[in-house]
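What follows draws every value from the coordinates through simple rules; no lab data is involved. Keep in mind the model is a prediction, meaning the values are calculated, not measured. Cβ coordinates were reconstructed from backbone atoms using ideal geometry, including for glycine residues, and neighbour counts include every protein chain displayed.
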Amino acid sequence: MTPQTVLDVGREALWMCLLLAGGPLLAMLVVGLVIGMLQAATQINEMTLSFVPKLVAMALLLVLTGPWLLQTLVDYTQRLITAIPGLVG
């Protein structure tokens, strides 16, 4: 296993993490920003007001994109497992 192979596998793993976590994190960022602006405009400082919309948005996002996220992760894992003989030997 060459150093370049290790870097390639690590780069692909980091890209997969970014791809899988980027959507939910971006959605939480947008929802949090909108709720924060709403709270600042109305001066309502209730903690549950920011938590519940984020929870609902995350659940909706996972329902909509969950199958794609899971299929992407399964495809990556299958590629990685089938590449083990080439990586070791």
* Among all residue pairs at least 6 apart or on different chains, which show Cβ distances below 7 Å where the first residue, located in the range 7-31, is closer than 25 Å to P53 by Cα and the second is among the β-branched types (V, I, T) and in a helix (DSSP H, G or I)? -> L19/T72; L20/T72; G23/T65
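Quick one: would you say T72 is closer than 30 Å to G89 by Cβ and either surrounded by 12 or more Cβ atoms within 10 Å (Cβ to Cβ) or touching a helix residue (DSSP H, G or I) at 6+ places or on another chain (Cβ under 7 Å) (or both)?
Criteria met by T72.
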* Taking the range 75-89 on its own, how many of its residues are farther than 20 Å from L20 by Cβ and either in contact (Cβ under 8 Å) with a residue 12 or more places away in the chain or touching a Leu at 6+ places or on another chain (Cβ under 6 Å) (or both)? -> 2
* State which residue pairs qualify: first residue at negative phi and inside the range 44-65, second residue among the small types (G, A, S) in any location, beta carbons under 8 Å apart, and separation of 6 or more residues or different chains. => S50/G32; S50/G36; K54/G32; A57/A27; M58/A27; L61/G23; L61/A27; T65/G23
